[in-house]
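Bear in mind that the values in this text are calculations on the coordinates, not laboratory data. No experiment lies behind these values; they were computed from the predicted model shown. Cβ coordinates were reconstructed from backbone atoms using ideal geometry, including for glycine residues, and neighbour counts include every protein chain displayed.
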Amino acid sequence: MRLAMSGWRGRAVGYEVSAYLLDGVLVDSGFPGARRALLGAVKALAPRGAVITHWHEDHSGNAPALARLGLPLLMHPQCEATLRARPRIGAYRRFVWGRTEPFREGVTVFDVAPLEVVATPGHTADHLVVWDAERRIVASGDLFLGVKVRVAHLHESPLGLVRSLRAIAALEPRILLDAHRGVVENATAMLRAKVAWLEDTMGEVHALAASGYSERAIQRRVLGREPLVGLVSVGEYSKRSLVRAILREEPRQN
Ligand SMILES: [Zn+2]
């Protein structure tokens with residue numbers, strides 16, 4: 001079951017985010033501004049617990065409120081540490097999603113079985129997905145987002161993302177429950193297409209850098225001009241950040 005959430009600010013820039021109920025487990029908690037809708041759904045649906053896929057505010061935004069309800073929670077230890085430290089986020093993210101309140105509550109953990117939680121670092125270091133092996137469905141958080149995603153946050157690890165995408169593709173899922181794209185069919189083929197595109201892109205970026213091209217020139221040649229989100233986020237979530245994140249890591253040795 002999908003719980004789609006958007007606010008007027010998110011709609012203005014074309015963003016919405018979904019949480020999912022998979023085998024009685026809530027996956028993600030929406031952004032802070034969607035608290036009332038999310039808590040209403042939780043009361044009606046009575047999930048057995050919630051998995052927070054990663055610390056970004058459109059996924060963890062209501063984790064503190066869920067903990068206060070006494071709902072068991074599961075997240076990466078690094079995600080919990082980040083929420084407790086409450087990192088500063090860019091102005092555009094505060095504008096679109098709001099900022100997650102500080103996480104002070106204790107966490108009751110729970111067993112997601114028969115589901116499994118799989119660490120999938122890349123988009124963030126603390127990223128998790130939830131795998132339903134019986135139905136071959138993966139609630140994938142921000143692992144996928146699309147085949148050709150030409151923007152990234154500076155803190156992303158493209159190499160890590162490729163490894164995680166390969167690991168999940170190897171499970172041969174049928175369906176991805178993507179936090180922003182919704183339900184994605186042909187999941188295994190889509191994941192493999194993303195791996196191929198990312199590897200090609202990384203190869204081109206490294207090759208141009210080795211030939212002495214500047215970051216800006218590489219961005220223009222490989223990814224094109226900056227989209228609106230790259231400009232309004234002052235480069236935080238941008239094509240330039242993707243180029244920079246790729247160049248920060250070593251070229252892959254095949
Ligand atoms: Zn994210």
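Listed by chain and number, the lysines whose C-alpha is less than 20 Å from the C-alpha of K148, apart from same-chain residues fewer than 8 away, are K194, K239. One quarter of the surface of the convex hull around the alpha-carbon atoms of the chain equals 12.9 nm², the direction-averaged projected area.
Taken over the alpha carbons of the stretch 137-188 as equal point scatterers, the Debye sum produces base-10 log I(q)/I(0) values at 0.24 Å⁻¹ of -0.97. With point charges of +1 on the Cβ of Lys and Arg and -1 on the Cβ of Asp and Glu, referenced to the Cα centre of the chain, which listed residue (S164, V205, S238) lies farthest in the positive direction of the dipole? Of the listed residues, the answer is S238. Each peptide in 100-113, 159-172 gets a packing score, the mean of other Cβ atoms within 10 Å over its residues, and the list from highest to lowest is 159-172, 100-113. Taken over the stretch 151-254, the alpha-carbon convex hull comes to 106 cubic angstrom per residue.
Computing FRET efficiency as 1/(1 + (r/R0)^6) for S214 and E172, where r is the C-beta to C-beta distance and R0 is 25 Å, gives about 0.05.
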